[in-house]
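Here is the structure we will look at.
The values are calculated or read from the model by the stated rules, or taken from the named source; none is laboratory data. These figures come from a predicted structure and were not determined experimentally. Heads up, the Cβs are rebuilt from the backbone with ideal geometry, glycines too, and the neighbour counts pull from every protein chain shown.
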Amino acid sequence: MANKCTNCGKFHSAIDGVVCGICSGTFHRECAGVLEGVVVAADWACLSCKRKRRQSNYDDTPVKGAAVSCNTNLINPIPATLSASGEIITGAHGEAGDEAVMNNTANNATLEFHVDLALEIRSFREELGSLKTHCSNEIRGVSGELKELREEISSFKAAIFACNKRLEDMEKRVEAMETNYSSNKSPAIESLEQAIEDLKMELHDRDQDLLGNDIQISHIPETKSENPIHLVSVIALKLGMTVDERDIVSAVRVGALRPAAGAAEGAAAAAARARPLAVRLARRATRDELLRAMRVRRGLTTADMGFEGEPKRFYLNERLTKLNRQLFGKARDLCKRFSWRFVWTKDGRVFLRQAEGKPASRIRCANDLINIFGEEPVRSTL
């Protein structure tokens, strides 16, 4: 038998509807808010009757059943019934128990997630703590090493500072000694220095006197198979003198060996590279005669001596010590620069003269040149 819903006015079957225990009105389960499968009690009241009901303390409201365990609800679902006041009463075949089971399952899953999350956080904290401890130990070790390094650097700085201090003190002492020496030079020291210079000049003069019988012949071509003594005899013949081999004590090439000239360069190049020939004669008179003869025959060349190639002048002079050779070279440069006419050597001594009728000056050391030409020109030629 079809019944008409009091709420929506549509018809429904007896199975699909519920009956109010107060007004006896029938309702669709959807209109009454009752779920499918829920058993409705005989004293169930509709919404309108609930509103019209006099306010009371509802002493007759049943107490909700105690929650059952999750496992029991999952195995044996408990049905629910709807009381007269609209409360859902859990029954042996209701669907409210299924919702409770689902809620409990969700709660359990959430709890398990929280537990796992707490364990992960605890593990992370432990790892972070161990890492922090390891880093702290490493930092502590590095800090100790840096401290030792700073101490060593400080000690090095102190040592270097002490060394610098000692060096500064030594420099000050040396400067003070030099100042004291230059400003307070005693007459005894000056006399000793002058005596030393005089002794040097005397020794040099004696060295030059030892070369009193020597001559030096330059720009004579040098060959491997030459006989220096024979060369001296031939040169003497060309100068108009007869020099026997017994008059020659020694004749050798002096100086460093120079590269030999090629065949295409000729005798002139060979003469330019040739080392000077140092000759020691038995008597000084023979040396003086050779020097006079050379001054008379200044135009002799290598061609006159029988050497092939381009003719080149050769020179025969007194043999000088190294110091006198240097002084003679400087004197020639200065005389050419200041237009002095004469510079020559005699008996191993260097002389120069500004012009005819002027007095001759002997040069024994560089100070003599400074006294004549000034310090700046002489220093520029050194």
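Descriptive notes on the structure:
- Residues in the range 232-261 that are among the polar types (S, T, N, Q) and in a loop (DSSP other than H, G, I, E, B): 1 in all.
- Checking each residue in the range 266-291 for being closer than 14 Å to T223 by Cβ and at pLDDT below 90 picks out G266, A267, A269, A270, A271, R273, A274.
- Within the range 338-354, being of a type in the set (F, W, Y) and not in a strand (DSSP E or B) holds for F338, W340.
- Selected residue [modelled with pLDDT of 55 or more and either of a type in the set (D, E, K, R) or assigned by TED's automatic domain parsing to the domain that holds V38 (or both)] from E126, E87: E126
- Looking across the range 1-21, just one residue is touching a residue at least 24 places away in the same chain (Cβ under 8 Å) and either charged (D, E, K, R) or in contact with a Lys or Arg (Cβ under 8 Å, 6 or more places away or on another chain) (or both), and that is V18.
- The listed residue being touching a Leu at 6+ places or on another chain (Cβ under 8 Å), loosely packed, with under 14 Cβ neighbours inside 10 Å, on the phi < 0 side of the Ramachandran plot and not assigned by TED's automatic domain parsing to the domain that holds R253, out of A360, A366, A331: A360
- P221 vs. criteria under 58 Å from the mean Cα position of the chain (by Cα) and not assigned by TED's automatic domain parsing to the domain that holds N324: yes
- A293 meets all of the listed conditions (1) among the small types (G, A, S); (2) part of a helix (DSSP H, G or I); (3) out of contact with any Gly (no Cβ under 9 Å at 6 or more places or on another chain) but one, namely (3).
- Considering the range 181-190, and only residues there that are modelled with pLDDT of 80 or more and surrounded by 10 or more Cβ atoms within 10 Å (Cβ to Cβ), the residue that is farthest from D347 (Cα to Cα) turns out to be I189.
- Qualifying position, being touching a residue at least 60 places away in the same chain (Cβ under 8 Å), touching a Phe, Trp or Tyr at 6+ places or on another chain (Cβ under 9 Å) and of a type outside the set (D, E, K, R), among M294, M305: M305
- Answer residue from the range 344-357, given it is of a type in the set (A, V, I, L, M, F, W, C) and surrounded by fewer than 18 Cβ atoms within 10 Å (Cβ to Cβ) and is farthest from G255 (Cα to Cα) among those: A355
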